[in-house]
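Read through the structure below, which is laid out as structure tokens, and then see the notes.
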Amino acid sequence: MSVDRDHEVGREVDLQRQVTLLDLLDRVLEKGVVVRGQLVLAIAEVDLVKLDLTVLLGAVETWEKSA
Amino acid sequence: MTEGEGATGLYTFAVLDGGSVDDAELAPRRLVAVGPIAAVVENVAVEEFEGENLERNLADRDWLERMVRHHEAVIESLLGGRAVVPMRFGSIFSTEAGLRSMLEENATAFIGMLDRVRGRTEWGVRVNADREAMVRGLAPAPTAAGSGGDYLRRRKAEMKADEEVGAEAARIAREVHEALVERAEDGVVLQPRVPDPQTLITSAYLVPFSDQDAFLASAKELDAKYEGISLDVTGPWPPYSFISADVGGPRS
């Protein structure tokens, strides 16, 4: 088992850093409070951006596998 | 949002209990406090998040990675025992008045979310399967002096194990998740955008600070329990997976 986190270095479990960008994206882009109505951003228009991100994530994954 | 070029927006990272963090220790970010709650914000150039600039930025993996890591790093820096309700990536308000009005209108919802996560953090788990090791585990071990009959019996057992391994993996994944939920206050199965074929289940658990060691010990036991199955644990995370509320914006 690996327990991974940059700031968890003191923890007495088999440490191995494995929080990938994908782990982050799954949380940061999918979760958290969403405010309707007043975002100034195109980025709030989730569907359009998601499409772009999917392409992007494909690239990220390829890059990760070849790393 | 029609101020034209050079407009600044307020990138909003998280909402926390007012007074739970010093404004001074936040710089260059700051608090926008409304009643008992406060948002942690940073000024951003709105143009970077709009139109062609946004398209160009999103096509740039480094830009996105930098932004996502920044979002995460700021929210993590707030944790330290505080109740933190993370906002979705890219929550940018054009004016402080707009943000204040959103916080006012949704104060009750935010207070409820803060209560839910206070004293707790999120731990992530991936249950991974090594298919070949599982097949070996399911098939009986070869006898010392293998006769032809033994070989055939073993081959047959291996073929049967190969057929059963999928169902067995699914059963173990459920069992692991249920065991971890027992040790946590809540648990959810996540849907990764880019699933790893080796990963049976990706999940997140909301764990009170006081139960953290027991939860991790339990994960370690489960990791050792099954042939060909291993657990990756990540955390502690801000409680992203237990906050997925849509709140209304301010009236315009």
ask   = Given the structure, is B:Met87 aliphatic (A, V, I, L, M), in contact (Cβ under 8 Å) with a residue 12 or more places away in the chain, more than 7 Å from every other protein chain (Cβ to nearest Cβ) and touching a Phe, Trp or Tyr at 6+ places or on another chain (Cβ under 9 Å)?
value = no
query = Inside the range B:32-62, can you point out the residues that are of a type in the set (A, V, I, L, M, F, W, C) and either more than 10 Å from chain A (Cβ to nearest Cβ) or in contact with a strand residue (DSSP E or B) (Cβ under 9 Å, 6 or more places away or on another chain) (or both)?
reply = B:Val32, B:Ala33, B:Val34, B:Ile37, B:Ala38, B:Ala39, B:Val40, B:Val41, B:Val44, B:Ala45, B:Val46, B:Phe49
query = Among the residues of the range B:211-233 satisfying the criterion of being more than 7 Å from chain A (Cβ to nearest Cβ) and free of Cβ contacts under 8 Å to residues at least 40 places away in the same chain, which is nearest to B:Glu185 (Cα to Cα)?
reply = B:Asp211
remark   = Heads up, the helices (runs of 4 or more DSSP H) in the range B:1-98 (entirely inside) with at least 2 residues that are open to solvent by less than 20 Å² (accessible area, probe 1.4 Å) and not aromatic (Phe, Trp, Tyr) are B:51-58, B:61-78
ask   = Quick one: what pairs do we get from the range B:32-50, first residue under 28 Å from B:Ala83 (Cα atoms) and free of Cβ contacts under 8 Å to residues at least 40 places away in the same chain, second in a loop (DSSP other than H, G, I, E, B) and basic (Lys, Arg), C-beta under 8 Å, 6+ apart or different chains?
value = B:Val40/B:Arg29; B:Glu42/B:Arg29
key: Which listed residue, of B:Glu96, B:Glu122, B:Glu168, is closer than 24 Å to B:Glu227 by Cα and among the acidic types (Asp, Glu)   = B:Glu168
Residue in the range B:191-206 that is nearest to B:Asn128 (Cα to Cα), counting only those that are touching a residue at least 24 places away in the same chain (Cβ under 8 Å) and touching a Gly at 6+ places or on another chain (Cβ under 8 Å) = B:Thr202
Flag for B:Ala204 being small (Gly, Ala, Ser) and either more than 9 Å from chain A (Cβ to nearest Cβ) or out of contact with any helix residue (DSSP H, G or I) (no Cβ under 7 Å at 6 or more places or on another chain) (or both) = no
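The values are calculated or read from the model by the stated rules, or taken from the named source; none is laboratory data. What you see is a predicted model; the values in this text were computed from it and never measured. Counting neighbours? That spans all protein chains shown, and the Cβs are built from the backbone with ideal geometry, glycine included. In case anyone asks, the SASA skips ligands and DNA or RNA and just uses the protein heavy atoms, side chains included. Shrake-Rupley method; radii C 1.70, N 1.55, O 1.52, S 1.80 Å.
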